[in-house]
Amino acid sequence: MPIGPRPVTEFRVTMSRGEFRLVQWALLAGLPGAVLLLGGLVWLRRRR
């Protein structure tokens, strides 16, 4: 009779203020910037 793990009822992430700011900048500026950069590279390649 195997006993399985208990289901996770709550999940918390503990971050310092500096870590939170880093994640915030990565999400708000880094991801859109990466999309723009990749789009620009594709555009330049197809333009030729």
Once you sort the root eigenvalues of the Cα gyration tensor of the chain as a ≥ b ≥ c, which label holds: rounded (a/c under 1.5), prolate (a/b larger than b/c) or oblate (the other case)?
oblate
Taking the Cα centre of the chain as origin and charging only Cβ (+1 Lys, Arg; -1 Asp, Glu), how large is the dipole, in debye to the nearest 20?
400 debye
Tell me the label-point distance for the pair V13, L36, using the 7 Å Cα-to-Cβ offset, in nm and rounded to one decimal.
2.4 nm
R6 versus L22, label points 7 Å from Cα toward the beta carbon: distance in nm?
3.2 nm
Checked against the positive end of the charge dipole of the chain (+1 on Cβ of Lys and Arg, -1 on Cβ of Asp and Glu, about the Cα centre), the farthest of L22, L37, T9 is L37
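FYI, it's all coordinate maths here, none of it is from the lab. Given the structure is predicted, the values throughout are model-derived calculations rather than measurements. As a convention, Cβ positions derive from the backbone with ideal geometry for all residues, glycine included, and neighbour counts pool all protein chains shown.
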